[in-house]
Structures are given as C-alpha cells and as structure tokens.
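Enquirer: First the structure, which I've put down as structure tokens, then a few questions once you've had a look.
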Amino acid sequence: MALTTLQGFSQPNSVEEAVAILQACQDSAMVIGGGTFIHGLVARGLVTDVEQLIDLSRLNLNHMTFDENVIRLGASTSFASLEASAEIQSISLLGALREAIAYPPRQVKNAATIGGGVAASCPYLDMPIAFLALDAMVCATGPDGTREFPIDELFVSLFETNLVPGEIITEIKVPQPSEQSASSFEKMETTANDLSIVSVGVRLSLSGGSQSGARIFVGGGIGEVPFRCCEAEAVLENSELNAEDIKRAATAAKGEIEPFSDHRASAQYRKHITGVLVRRCLARVANQLS
C-alpha cells in the first residue's frame, strides 16, 4: 500500500513554518510525529486524498519539565524518552502513562510521539486513555496563536479533533494535584502490536483518608471517542477504597458503556472485560495509596 496521491513532503524548522504550511495545504495535508500510525491507516484505505506530509520532527518539541504544579511534555516526546526519564518513572501520579508506554514493541516506542498519539483521535490507541485519566491539558498553536484546553475536549469523533485549520499540538500538560494521587492503565489486546479491544485508565486521589475526584476512562471498541464512567466515579467519591467499593465501581463502569461487536470481540465480551480491567486498575492504585 502507498500514498498514491502524495505530491510533497515538508520538514519545517519552526512551529510558525509548520502552521503556515498546514494552513496553505488545508485538508490535503497530513501532519506526522513519528509516523507509526500511517501504515495502519493506508492499509485500511482510510487515507486516499493526502497530497502533503508535514513532518514535525525538527521542531524541538521533545522537552520534559517538572515542577510541583505541572508536568510539561513536548508533543514530539517519544515513548522511549518517557520510558527513559527518571522523573516519569518515579512520580506515582504517572502510573497510567508508564503502563501505557510499556505495551508497544521497541520499534514503535522509539518513533511514536505523545502528540501524535492523541492527535490521531483514535480510541483504540493508549495515549488518549492515559492522558484523560490524568486530566491533561492540550496546548495547540495555530494562525491565531496558542490556546490551552482540557484533553477531553480534543476528541470529537473517530479521527476528528477540535483543532482548527492550521493548528498543531505543541505540548501536553499534566497538573500535579496537591492530594496524594496515583493512576493506572491496562488493556486487552490480541498482540503487542495490535489496537486495544478494551483499554482502561483510572486515577484516584486521597484527601483526609478518603477518595475524591476519581477518573475512570474506557477506550477500545466502545465508541468513536473514549468514554468517561461518571457513575463509577461517583461510587468512589468519599470512599476509603475498600474492596467492596472497588467492586461496585467496576460493576457500574461495566453497566455504563455501550460497546459494539466486531471481528475482534463481541459487545458482551467487551462489557465483561471492562469490569475486570476497571477492578484491577482501581485495586492496583488503591494499594499504592494505602
């Protein structure tokens, strides 16, 4: 398979140059970070009118900075760079991110970027679920400057985001809450290089000995965008995170989602696995917080 309509390839040296090229090309351009998702799209016949590829690898958007309030990650930061970071590995809040980047094979880790992982707006990918659990913020730069918004506003539908024409993601911010917090991610897949059948990201925070502000997100074959399990989160509000509350939250999450059936799994199986993964993730985080 090939991009038969491709006419040009650009490697801009600045964000401003990338924005200008993208704005000029409009819908005929595709922005790539590490490029690991292109083959899957082309093989499925989902890329039929791309005339210009815009490679962001020269924009120096691979920074990582840490302070007590926020973690700032450049959009071109690779999975391998996250994995090699001592700070990423040591901060309990970032468990979901660590576990998400553990799944892909080394070839993908070395090339794939976090910006590309969320900009693809594909609920089968791992990055959206991990960053949603972390209440991440997206920074995007376009013709009218830079704006910042919650990551749950990014995903409109399958492969569609709220980015305006000419806009690219430049940074992802993860706020560090003052409370004791931890997160976890887990997914069901067929192989290490496959898209998820079901994926789950959770975050819990303890304040005064009880849980407040839980986040539970489910991805995979459950819809065109990741799903937030608000009923399951409500079960855990003010909970001491005992086994019974965790079980009730997992049951609530399973009941909230409306997955579909395909050649990879039935809707009934996806419901069952969602309950299993939510329970596992919550129990793992509760154990870390105890």
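Enquirer: If you bin every alpha carbon distance in the chain into 5 Å steps from zero, what whole percent lands in each bin?
Expert: 1, 6, 12, 17, 18, 17, 13, 8, 5, 2, 1, 0
Enquirer: Here's a follow-up. Which residue fluctuates the most in the chain, going by a Gaussian network model with Cα springs under 10 Å, if the choices are GLY219, GLY209, GLY74?
Expert: GLY209
Enquirer: Still on this structure: For SER14 and ASN69, compute 0.36 nm times the residue count separating them, minus their Cα-Cα distance, and round to one decimal in nm.
Expert: Values: separation 55, 0.36 × 55 = 19.80 nm, distance 2.79 nm.
Roughly 17.0 nm would be gained on extension.
Enquirer: Right, another one. How do the peptides 48-58, 274-284, 3-13, 28-38 rank, highest first, by the average count of neighbouring beta carbon atoms within 10 Å per residue? Write out the running numbers ahead of the final one.
Expert: Working: 48-58: 16.7, 274-284: 22.2, 3-13: 13.3, 28-38: 19.3.
Packing order, densest peptide first, comes out as 274-284, 28-38, 48-58, 3-13.
Enquirer: On to the next question. Between THR48 and GLN180, what FRET efficiency follows from the Cβ-Cβ distance if R0 is 51 Å, with the result rounded to 0.05? All intermediate terms of the calculation are to be shown ahead of the outcome.
Expert: Details: r = 49 Å, r/R0 = 0.97.
Calculated value: 0.55.
Enquirer: While we're on this one: Roughly speaking, what is the centre-to-centre gap between segment 158-222 and segment 113-150 when only Cα atoms are used, to the nearest Å?
Expert: Cα centres, segment 158-222 to segment 113-150: 10 Å.
Enquirer: Between SER28 and SER290, what is 0.36 nm times their sequence separation minus the Cα-Cα distance? Round to one decimal in nm. Walk me through the numbers on the way to the answer.
Expert: On the way: separation 262, 0.36 × 262 = 94.32 nm, distance 5.19 nm.
Between SER28 and SER290, full extension yields 89.1 nm more.
Enquirer: Between GLN211, GLN176, GLN23, which gets the highest mean-square fluctuation from a Gaussian network model of the chain, Cα cutoff 10 Å?
Expert: Among GLN211, GLN176, GLN23, the largest GNM mean-square fluctuation belongs to GLN23.
Enquirer: Oh, and also: Provide the FRET efficiency to the nearest 0.05 for the THR4-GLU231 pair, computing r from the beta carbons and using R0 = 45 Å. Write down the numbers at each step before the final one.
Expert: Details: r = 47 Å, r/R0 = 1.04.
The calculated FRET efficiency here is 0.45.
Enquirer: Counting Lys and Arg as +1 and Asp and Glu as -1, what is the net charge of the other residues whose Cβ lies under 15 Å from the Cβ of SER261?
Expert: Values: positive: ARG264, ARG270, LYS271; negative: GLU258, ASP262.
So the surrounding residues net to +1.
Enquirer: If you don't mind, there's one more thing I want to ask. Find the Cα radius of gyration of segment 64-175, compare it with 2.2 N^0.38 Å by division, and give the number to two decimals. Please report the intermediate quantities before stating the final value.
Expert: Details: Rg = 13.3 Å, N = 112, 2.2 N^0.38 = 13.2 Å.
It is 1.01.
Enquirer: Also, I was wondering about something else. Normalised by the residues of segment 93-218, what does the relative contact order come to in percent, with Cα pairs under 8 Å and at least six apart?
Expert: On the way: 244 pairs, mean separation 36.4, N = 126.
It comes to 29 percent, rounded to a whole number.
Enquirer: Turning to a different aspect of this structure: For the chain, what does -39500 (n - 2.57) per DSSP helix run (n ≥ 4), summed and divided by total residues, give at 222 nm, in deg cm²/dmol to the nearest 500? Walk me through the numbers before you get to the answer.
Expert: Values: 11 runs with 98 residues, N = 290.
My calculation for the chain gives -9500 deg cm²/dmol from helical runs alone.
Enquirer: Taking R0 as 45 Å, what FRET efficiency do you get between HIS272 and ARG106 from their Cβ-Cβ distance, rounded to the nearest 0.05?
Expert: Details: r = 32 Å, r/R0 = 0.70.
It comes to 0.90.
Enquirer: Find the relative contact order for the chain and round it to a whole percent, using C-alpha pairs within less than 8 Å whose residues are 6+ positions apart.
Expert: Averaging sequence separation for qualifying contacts and normalising by length gives 15 percent for the chain.
Enquirer: When the chain is modelled as a GNM with alpha-carbon springs shorter than 10 Å, which of SER261, SER81, SER184 fluctuates the most?
Expert: Highest fluctuation of the listed residues: SER261.
Enquirer: Which aspartates and glutamates does LYS187 reach when only Cα atoms under 13 Å apart count, and residues fewer than 8 places away in its own chain are ignored?
Expert: GLU99, ASP126
Coordinate-derived values only; no laboratory data. Everything numeric in this text was worked out from a predicted model, so none of it was measured. Cβ atoms come from the backbone with ideal geometry, glycine included; neighbour counts cover every protein chain shown.
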